[in-house]
Amino acid sequence: MAPAPSAARATIRAVIALFLRELRLALRHPADTLAAVLFFVLVAALFPFGVGPSPELLARLAPGALVASALLAALLPLDRLFGADAEDGSLDQLLLSGLSPAAIALAKAAGHWTTTGLPLLAAAPIAAALLNLPGPAWGAAVGALALATAILSLLGTAGAALTLGARRGGVLLPLLVLPLAIPALIFGAAAIEAAAGGLSPRPFLLLLAALFAVSAVLSPLAAGAALKAE
Amino acid sequence: METQNTALAPDAATPRASWHRFANPGRFLRLTEGAMPWLWGAALLVLGAGAVWGLWLSPPDWQQGETVRIMYVHVPMAWLAMGGYLGLGVVSIVALVWKHPLADLTARELSPVGAAVTALCLATGSIWGKPMWGTWWVWDARLTSVLVLFFLWLGHAALVRAFDDPERGARAGAILALVGLVNLPIVKFSVDWWNTLHQPASVTRLDAPGMHVDILLPLLVCAAGFALLFAALVLSRVRAAVMERRIRALELARARRAEAAA
């Protein structure tokens, strides 16, 4: 049964309001976002210590290292995604508001990406420079990181909803989310590598976009089903 | 949990109701009690026959020599890892849609066995890969996707047990199992989609299987034996879980009585 147009509009307005609430909360506590960005740059800076500072070796390693560190950094704030709301009762209020749990999850995922994924993108040039990524690949790196972190935000929202209220949920969350994020890592690194080698990153970016499309549909549904159980 | 069940239970006239009868834990225990020794016996018998046939009587491969015998463990483990996950998916759907307590328990008890089987599949594959490919591990599409399958099994086993409320854990685990089903076609078709080191399917093909009968038959017997063993292990675990739950309920009732008396 399709909802009436006015009801659909009300849902969209509620989702946007929830999204703006996430942004406002993140702006009032910028420490979480800053921590994720710092973590990203630090992990990227660890690779040169591990493999040695040889520029050729680093450039060879850069695509995978960049995407992997971005995914790890985006994982950091996920275990508090629903936790804070569940503790102060606002999650119960949201679930009672009549908004579908999947829509709540979608707004949360969008909020997570805007407050974690976007700042990571802004820090990507620093990490790329630390890893000596070849210049022509920087554009592809931004595109691949944007899509890969968006996929992680969606998967992570589902993971956060599933582990909400679990003992050791913070440890469990990466165990659930990272295996599912492997395809995003593979195609993201392949896109950057193709651009660094002078090839077109387009096919890999399109595959990433396809992954994003699939997870944009499935993840909120899974997260919503998990939230309903709360 | 059990009271809820008797409420749904048997109106044997309709087929749906007769299917629901098996969700009653008491009936499940009674039905499986007689079957368990037979299932264990059949598993050990078939597995013993398969082991003798595969390890001694079947001929060595003309190319791989004696190492081909690793296949009699490796391939059944791979089939069970994937088939078991498919079973986990089915059980999870049943648990989510009909809220069968037995489906929850089966999913909970399935994942450690599935993780063990997948780990054995990876380990035997690694032991086989060393003499054949010259390496313990390659980041080939099939190997990587099976590794992901292993993590999914472990994640499910950990998630189901991570909640103080077992029902919440069962529900989260069921959703995770359904999400993880996405990986299953990737495992199955990885050897066709990517041209990698792992050989493509040689038994389940539309035309004739790509191996000689002398090797195929013991393989099928071993697969049947391992499948029986898998079923016996899972059923025993589910039976133990039902009884454990019952004991906990009895102990709770006794504690409550003692409290009321005091």
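The values are calculated or read from the model by the stated rules, or taken from the named source; none is laboratory data. Predicted model, so just to flag it, every value in this text is computed and none were measured. Note that each Cβ is placed from the backbone with ideal geometry, even for glycine, and that neighbours are counted across all protein chains shown. The protein model used for the area step is the full one, side chains on, heavy atoms only, and it has no ligands, DNA or RNA in it. Shrake-Rupley method; radii C 1.70, N 1.55, O 1.52, S 1.80 Å.
Build a GNM of chain A with springs between Cα atoms under 10 Å: which of A:Ala123, A:Ala191, A:Ala73 gets the top mean-square fluctuation?
Of A:Ala123, A:Ala191, A:Ala73, the Gaussian network model singles out A:Ala123 as fluctuating most.
Take A:Asp32, project a point 7 Å from its Cα along the Cβ direction, then tell me which residues of the stretch A:75-97 have their backbone nitrogen under 11 Å from it.
Only A:76-86 pass the distance filter.
Evaluated at 25 °C with a viscosity of 0.890 mPa s, what Stokes-Einstein diffusion coefficient in µm²/s does the protein assembly as shown have when Rh comes from the Kirkwood expression over alpha-carbon pairs?
Once the numbers are plugged in, D ends up at 97 µm²/s.
Place the peptides B:173-182, B:83-92 in order of packing, highest mean first, counting for every residue the other Cβ atoms within 10 Å and averaging per peptide.
B:173-182, B:83-92
Could you tell me the calculated FRET efficiency between A:Arg13 and B:Leu44, based on Cβ-Cβ distance and R0 = 56 angstrom, to the nearest 0.05?
So the FRET efficiency works out to roughly 0.30.
Per residue, how many Å² of accessible area does chain A show with a 1.4 Å probe?
46
Could you work out the relative contact order of the stretch A:1-156? I mean the mean sequence separation of Cα pairs under 8 Å and 6+ apart, divided by the number of residues, in percent.
It rounds to 38 percent for the stretch A:1-156.
Would you mind giving the mean number of other chain beta-carbons within 10 Å of the Cβ of each residue in A:214-222, as a whole number?
If you average over the peptide's residues, the count of other-chain Cβ atoms is 2.
Partner chain Cβ atoms within 10 Å, averaged over the residues of A:152-161 - can you pull that number for me?
Across the residues of A:152-161, the mean count of other-chain Cβ atoms within 10 Å is 1.
Sum -39500 (n - 2.57) across every DSSP H segment of at least 4 residues in chain A, then divide by the residue count to get the 222 nm mean residue ellipticity, nearest 500.
Mean residue ellipticity, 222 nm, calculated: -27500 deg cm²/dmol.
Hey, any idea what % of the protein assembly as shown's accessible area is carbon plus sulfur with a 1.4 Å probe?
Answer for the protein assembly as shown is 70 percent, counting heavy atoms of protein chains only.
Separation between the A:Ala216 and B:Thr67 pseudo-spin-labels, each 7 Å from Cα along Cα→Cβ, expressed in nm?
4.7
How big is the B-A contact in terms of buried accessible area, both chains counted, 1.4 Å probe, rounded to the nearest 100 Å²?
So the buried area, both faces added, is about 1700 Å².
Quick one: which residues, 5+ away or cross-chain, put their amide H under 5 Å from the amide H of B:Asp61? H built at 1.01 Å from N.
B:Val68
Which residue fluctuates most in the GNM of chain A (Cα springs below 10 Å): A:Ala70, A:Ala196, A:Ala158?
Per the Cα network of chain A with a 10 Å cutoff, A:Ala196 tops the list.
Taking every residue in B:170-176, how many Cβ atoms of other protein chains lie within 10 Å of its Cβ, on average?
6
Can you give the convex hull volume of the alpha carbon atoms of the stretch A:4-229 per residue, in Å³?
With only Cα atoms used, the stretch A:4-229 gives 118 Å³ per residue.
Just to confirm the number: angle between the C-alpha axis of helix A:5-28 and the first principal axis of chain A, 0 to 90 degrees, nearest 10?
Once rounded, one gets 60 degrees.
Treat each spin label as a single point 7 Å out from the Cα along the C-beta direction, and report the B:Glu33 to B:Ala240 distance in nm.
According to this spin-label approximation, the distance is 1.9 nm.
Could the peptides B:53-61, B:222-230 be put in order, highest first, of the mean number of other beta-carbon atoms found within 10 Å of their residues?
B:222-230, B:53-61
Hey, rough spin-label estimate for A:Ile126 and B:Trp139, points 7 angstrom out along Cα→Cβ, what's it come to in nanometres?
Taking the two extended label points, one gets 2.7 nm.
Considering only A:Ala14, A:Ala31, A:Ala107, give the residue with the highest GNM mean-square fluctuation for chain A, with springs between Cα atoms whenever their separation is below 10 Å.
Looking only at A:Ala14, A:Ala31, A:Ala107, the biggest GNM fluctuation is shown by A:Ala31.
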